[in-house]
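The numbers here are math on the coordinates, done by the rules we state, and not lab data. Only a predicted model underlies this, so the values are computations on that prediction, with no experimental measurement involved. Counting neighbours? That spans all protein chains shown, and the Cβs are built from the backbone with ideal geometry, glycine included.
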Amino acid sequence: MLMIWAVLLMSITVLGVVQYIQSSAREATLAAYEFRALHLAESGLAVGMHPSTRRGDLVLKQKVGPDSGFDVVINYEGARIPINYATDERLREAIYNLFIFWQLDAESATVAADSLADWIDNDDTPRSNGAETDYYQQLGIYDAPRNRGFIRVDEMLLVRGMDAVDRRKPDWRDYFSVYGEGQIDLRTVFKDVLLAVTGASEADVNRFITERDGADGIPGTEDDRRIRDDEAYQLLGLSGDRLEAIRGIVNDDDTTLRRITSIGWVGEKRSKIIVVTRRDAETGALTYLGRMEE
C-alpha cells in the first residue's frame with residue numbers, strides 16, 4: 001500500500017510539474033509575442049513619421065513574417081474638435097451640435113458645452129448654462145475650473161455635464177483633441193464632427209465622405225480623393241451666411257499636426273502606439289506632443 005501511495009504521489013507531483021512547465025512555456029511565448037509586437041509597432045511608427053510618407057502609402061502596411069507585421073494609419077488632429085478653442089462660439093456651437101447628434105437632450109448638451117468653455121476661459125463669469133468657481137465649490141471642489149486648456153482629453157470628465165455625455169457616448173474621447181490648433185481638416189474629419197461643425201444634412205455629409213474616402217470606403221488609403229475647399233462646400237450644400245460663419249475654422253490643408261497610429265502584430269497578439277507630432281512647415285523639424293500605448 002505504501003508503494004501504491006508513493007507512486008500516486010509521485011504521479012501527481014510529476015503532473016503538476018508538467019503543467020507548471022507548460023504554463024510557463026505559454027507565458028514565455030506570449031511575452032515574446034508581446035515584445036515582438038511592440039517592436040513591430042515601433043518600426044511602423046518610424047515609417048509613419050518619415051517626412052516623405054503620406055496617407056495611403058503601401059509601405060504603411062507590411063507583413064514582416066508569416067504571422068507578423070505592422071499596420072500604420074496617418075491621420076491629422078484636425079479630424080477632431082480642438083477642445084482648447086471651445087471659447088470660440090463657432091466651436092462651442094459645434095460641441096453642442098455634436099452632443100445633440102449623440103442624442104443628449106438640449107438642456108444636457110447646453111450645460112456640457114457651456115461648462116467646457118467656462119473651464120478654459122480666463123474669467124469667473126459663468127455662461128448662461130455653464131459652471132465657474134461657485135458651482136464647483138458647492139460640490140466641495142475647490143480647484144475647478146482650471147481656467148486653462150485641457151492637458152488630457154480625459155480631464156474633460158471633471159467638467160459639469162460631461163458625465164451625461166460619457167453615459168450616452170462612451171467613446172466620446174475619440175472626437176476631441178487637446179493638440180488641435182483651432183481648425184477642422186476636411187480631408188480627415190470624422191462624420192460626427194463634420195455634421196456638428198457645418199450643420200450640413202446627414203445625406204450631404206455622407207456624399208462628401210463617400211467621395212473623399214474612395215471606392216473602398218476606408219479613409220487613409222491610396223484611393224482617397226483630395227477634395228479642395230470649394231468643391232467640399234458644394235458637396236456639403238454650404239453657402240451664404242452659414243458658409244461664411246464656418247469658413248475660418250475649416251480647411252483642406254492642415255498638415256502640421258499628425259496623429260500616427262501604429263499596430264504591430266504577431267499571430268493574434270497586438271500592440272498599439274499612438275503619437276501626435278508637429279512638423280515645422282519651413283524647417284521640417286519634428287516635435288513630439290503626445291504618446292499613448294495600448
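Could you identify which residue out of Leu158, Leu195, Leu257 has the top mean-square fluctuation in a GNM of the chain using Cα springs shorter than 10 Å? Ranking Leu158, Leu195, Leu257 by mean-square fluctuation puts Leu158 first.
Between Gly214, Gly140, Gly199, the residue with the greatest mean-square fluctuation in the GNM of the chain (Cα pairs under 10 Å linked by springs) is Gly140. Here is the list for segment 137-206: trypsin sites (Lys or Arg not before Pro) lying in DSSP coil, each with at most 15 other C-beta atoms within 10 angstrom of its C-beta, are Arg146, Arg148, Arg152.
Comparing Ile249, Val205, Tyr233 along the charge dipole axis of segment 190-249, the residue lying farthest to the positive side is Ile249, per the Cβ-charge model.
Note on Asp88 and Asp216: their simple-model spin labels are 3.2 nm apart, each label 7 Å out from Cα toward Cβ. When shorter helices are ignored and each DSSP H run of at least 4 residues is given -39500 (n - 2.57), the per-residue value for the chain at 222 nm works out to -13500 deg cm²/dmol. Among the chymotrypsin sites (Phe, Trp or Tyr not before Pro) found in segment 93-143, those both in a DSSP coil and sparsely packed, with 11 or fewer other Cβ atoms within 10 Å of their Cβ, are Tyr142. For the pair Glu42 and Glu181, a Förster radius of 35 Å applied to the C-beta separation gives a FRET efficiency near 0.80, rounded to the nearest 0.05. Potential lengthening of the chain between Asp124 and Glu294 amounts to 57.4 nm, from the contour at 0.36 nm per residue minus the alpha-carbon distance. The long axis of helix 202-213 is offset from the longest Cα principal axis of the chain by roughly 60 degrees.
Looking at the chain, the DSSP beta bridges with both ends there are about 90 percent antiparallel. Against the chain, whose longest principal axis comes from its Cα atoms, helix 2-49 is set at around 30 degrees.
Taking Cα centre as origin and charging only the Cβ of basic (Lys, Arg, +1) and acidic (Asp, Glu, -1) residues, the dipole magnitude of segment 190-249 rounds to 160 debye. Bridging of Lys269 to lysines at a Cα separation below 27 Å is possible for Lys61, Lys63, once same-chain residues fewer than 8 apart are set aside. Among Ala106, Ala200, Ala86, the residue with the largest mean-square fluctuation in a Gaussian network model of the chain, with springs joining Cα atoms closer than 10 Å, is Ala106. Set Lys and Arg Cβ to +1 and Asp and Glu Cβ to -1, take the dipole of the chain about its Cα centre, and tell me which of His50, Gly65, Asn122 lies farthest positive. Looking along the dipole axis, the top candidate is Gly65. Taking Cα atoms, how many degrees apart are the long axis of helix 106-120 and the longest axis of the chain, rounded to 10 and kept between 0 and 90? The two axes meet at around 90 degrees. Diagonalising the gyration tensor over the Cα atoms of segment 83-175 and scaling each eigenvalue by 5 before taking the square root yields semi-axes of 19, 14, 13 Å, largest first.
Annotation for Arg54 and Thr133: the two label points, set 7 Å from Cα along the Cα-Cβ direction, are 5.3 nm apart.
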